[in-house]
């Protein structure tokens, strides 16, 4: 087979692959495009058949009316408080626990690490009722504490595992040199180890943000006062109490989705690189 023929076959194969990927992406984008189209339609065009993809006229006012129908600004503030508190707690305590498991020597360390990983096999449905009863007994129901305190008590077994595996790749000589210079154990963790974990911590932060921002079950269980609702609960409340105002619902849903989309596009390269590094170096 000549070189020219081989190149033509490779280009043809790549073209077919890209064509299949483009067709698949269009199929997956259709629900999102319908969502955008519906959010800009007047009410009379929402349920027409065949569907009109380009609304006429374009109703940008749907976003304002949908957002102001309920106090979504308050829900946004509540969601931000919970989300950023969980991110801060997860990054700090998960990295502390990971440092203990990867660098410190103490009796029973490996056993405790195995038990920590074993908690991943427990589905959330098993622990839901006991945890609810515990928070009820300490009087934390209808507060943000059940949604945030857990992040400050370890940050989750998955995050501990990911950060620990990344820490294992950091040369021990850096810590030994710092210890010879008189640096304390916490100082080594904070000044030597943490700066080496920027990529790994970014991955953990992204995962934590997406999970907390879109969390529906947690706020549904622990929050009862409407003034403390999150965006996820606000969307459900809006849908249940205001009928099928589909154009307003899609407009508000797009606003709620916007931070996740923006985060993905801005941090896509860092996210993929971080996952690759954690997977290879772990």
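The values are calculated or read from the model by the stated rules, or taken from the named source; none is laboratory data. Because the structure is a prediction, the values reported are computed rather than measured. All Cβ positions, even for glycine, are placed from backbone atoms using ideal geometry, and neighbour counts span all protein chains on display.
Residues that are in contact with a helix residue (DSSP H, G or I) (Cβ under 9 Å, 6 or more places away or on another chain), surrounded by fewer than 19 Cβ atoms within 10 Å (Cβ to Cβ) and under 25 Å from residue 222 (Cα atoms) occur in region 90-110; there is at least one.
Looking only at region 179-190, residues that are part of a helix (DSSP H, G or I) and under 17 Å from residue 100 (Cβ atoms) come to 7 in all.
Conditions (1) within 24 Å of residue 33 (Cα to Cα); (2) modelled with pLDDT of 90 or more; (3) part of a helix (DSSP H, G or I); (4) not assigned by TED's automatic domain parsing to the domain that holds residue 82, marked per residue:
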position	(1), (2), (3), (4)
227	no, yes, yes, no
232	yes, yes, yes, no
238	yes, no, yes, no
252	yes, yes, yes, no
256	yes, yes, yes, no
265	yes, no, yes, no
269	no, no, yes, no
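Looking at the structure I just gave you, is residue 88 within 26 Å of the chain's Cα centre (by Cα) and either assigned by TED's automatic domain parsing to the domain that holds residue 163 or in contact (Cβ under 8 Å) with a residue 12 or more places away in the chain (or both)? Spelling it out, residue 88 is indeed within 26 Å of the chain's Cα centre (by Cα) and either assigned by TED's automatic domain parsing to the domain that holds residue 163 or in contact (Cβ under 8 Å) with a residue 12 or more places away in the chain (or both). The single condition among (1) at pLDDT 90 or above; (2) farther than 29 Å from residue 71 by Cβ that residue 181 does not satisfy is (1).
The residues of region 167-178 that are over 12 Å from residue 99 (Cβ atoms) and not in a helix (DSSP H, G or I), listed by number, are 169, 171. With the condition kept exactly as written, say whether any residue in region 143-152 is more than 20 Å from the chain's Cα centre (by Cα), more than 25 Å from residue 209 (Cβ to Cβ) and either surrounded by 18 or more Cβ atoms within 10 Å (Cβ to Cβ) or touching a residue at least 40 places away in the same chain (Cβ under 8 Å) (or both). Within region 143-152, not a single residue is more than 20 Å from the chain's Cα centre (by Cα), more than 25 Å from residue 209 (Cβ to Cβ) and either surrounded by 18 or more Cβ atoms within 10 Å (Cβ to Cβ) or touching a residue at least 40 places away in the same chain (Cβ under 8 Å) (or both). For region 48-65, residues that are part of a loop (DSSP other than H, G, I, E, B) and in contact (Cβ under 8 Å) with a residue 40 or more places away in the chain total 1. Filtered by the rule that a residue be within 16 Å of residue 256 (Cβ to Cβ) and part of a helix (DSSP H, G or I), region 199-217 gives 209, 210, 211, 212, 213.
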